[in-house]
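Just so it is clear, none of the values below were taken in a lab; they were calculated from the coordinates. Since the structure is predicted, the reported quantities are computational estimates derived from the model, not experimental observations. Cβ placement follows ideal geometry from the backbone for every residue including glycine, while neighbour counts extend to all protein chains displayed.
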Amino acid sequence: MYLKHFGLAEFPFGLTPDTSFFFASNVYQEALNTLLVAVAGGEGFIKLTGEVGTGKTLLCRKFMAALDKRFYTAYLPNPLLEPRTLLLALAEELKIDVPPDVDQHYLLRSINHRLLDITRGGQRVVLCIDEAQAIPIETLEALRLLTNLETEKRKLLQIVLFGQPELDVRLADPTIRQLRQRISFHYEMRSLAREDIAYYLAHRLHVAGYAGGPLFRKPALTALHAASGGVPRLVNMLGHKCLMAVYGEGGHQVKLRHVLAAAEDTVAARRPGWWVRMGLAR
């Protein structure tokens, strides 16, 4: 495609969460610091929410990669599971060999013993759950009961929930109010600020191997933020399409018209009237 044309080693605006592209803006660094401080303090439940496309999964992976050897991490990417199935998934993450037809009592006892073994070995267990807004109410209650496992000094399991704002709606259910009271740290992800867009794009291009001058003109940057709302996933989509358009013309700079065409071609970026707010005629 356009890699050779722009002197790139890889695509800079991929949608797959890749920690090498992590952009340490104020928002993302603050979120990461909050998570690291919370787990260091031994808190039971930690919650991070953000709209679709704001980079929660990437942050989750960056967070797990940032934890040192004092922590044993477990990861559940799809928590739309009944309580028993979630416990089996956790047992697998903890490397517990249990038969699929194991009874609930033995399963919980096996998890408890394994958590104790890890703790005695000098590590703390951190369970990260992505897409947490999909967790059924009964499964949330099962998670709460897991955090009851503790020694005299600390919890045996810390749980970090990463989810869309719908997670807060789910946690408002009165039947799980005990869990809600145990969430000691919460952070809400925000979209990229207008002044962050140029740095975000330059960072991803640099990681991908770009060594040239500014690729996006100022009007293009303004339009890109307006069309995307600062949502990183949409910025990536539009950035990729812009580079394709410039490459197709044999050019070397992204201009306003390229962003406008990319936005027209992207359903999620068709936010009514964004070009009017920019003072553009359509």
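Descriptive notes on the structure:
- N26 versus E82: modelled label distance in nm, points set 7 Å from Cα along the beta carbon direction: 4.9 nm
- The H on the amide N of V125, modeled in the peptide plane, is under 5 Å from the matching H of Y72, Q158, each at least 5 residues off or on a different chain.
- Sequence-distant lysines (8 or more away, or on other chains) whose Cα lies within less than 30 Å of K4: K62, K218, K241, K255
- Estimated vicinal HN-Hα couplings, Hz - segment 76-82 in sequence order (Karplus 6.51, -1.76, 1.60; Gly, Pro = x): 10, x, 9, x, 6, 9, 6
- Computed from backbone phi, the HN-Hα couplings of segment 159-172 come to 10, 10, 9, 10, x, 6, x, 4, 4, 5, 5, 5, 6, 6 Hz, rounded to whole numbers (Karplus: 6.51 cos²θ - 1.76 cosθ + 1.60, θ = phi - 60°; Gly and Pro given as x).
- Here the label points at T175 and D117, each 7 Å from Cα along the C-beta direction, are separated by 3.5 nm in the simple model.
- Placing a pseudo-label 7 Å from each Cα along the Cα-to-Cβ vector at E93 and V267 gives an inter-label distance of 3.2 nm.
- Unit Cα scatterers, Debye sum, the chain: log10 I(q)/I(0) for q = 0.13, 0.14 Å⁻¹: -0.89, -0.97
- For V254, distant residues with modelled amide H under 5 Å away: F216, R217
- Electrostatic bookkeeping for L238 treats Lys and Arg as +1 and Asp and Glu as -1; over the other residues with beta carbon under 11 Å from its beta carbon, the sum is 0.
- Kirkwood-type hydrodynamic radius, segment 1-74: 14.2 Å, calculated from all non-identical alpha-carbon pairs.
- The antiparallel fraction among DSSP beta bridges confined to the chain stands at about 5%.
- Sequence ranges 47-59, 24-36, 230-242, ranked by mean other-Cβ count within 10 angstrom, highest first: 230-242, 47-59, 24-36
- Computed over segment 26-188, Cα set: Rg, Dmax in Å: 15.0, 48
- Of all DSSP beta bridges confined to segment 26-188, the antiparallel ones make up roughly 5%.
- Highest to lowest packing among 246-252, 213-219, scored as the average C-beta count within 10 Å: 213-219, 246-252
- For a straight C-alpha distance cut-off of 19 angstrom, the lysines reachable from K56 (same-chain residues fewer than eight places away being disregarded) are K47.
- Contour excess over end-to-end distance, with Cα ends at D18 and A193 and 0.36 nm allotted per residue: 60.9 nm
- Amide H to amide H distances under 5 Å link E131 with F162, where only residues 5 or more positions off or on other chains count and H is placed in the peptide plane.
- Phi angles across segment 135-150 convert, under the Karplus curve 6.51 cos²θ - 1.76 cosθ + 1.60 with θ = phi - 60°, into 3J(HN,Hα) values of 5, x, 4, 5, 6, 4, 5, 5, 5, 4, 5, 5, 6, 6, 5, 7 Hz, Gly and Pro given as x.
- Charge dipole (the chain, unit charges on Cβ, about Cα centre) - positive-most of Y75, L192, L115: L192
- With contacts taken as Cα pairs under 8 Å at a separation of at least 6 residues, segment 1-115 carries a relative contact order of 19 percent.
- Crossing angle, helix 218-228 versus the chain [Cα axis fit, 0-90 degrees, rounded to tens]: 40 degrees
- Over the chain: helical MRE at 222 nm, DSSP H runs n ≥ 4 each giving -39500 (n - 2.57), nearest 500: -14000 deg cm²/dmol
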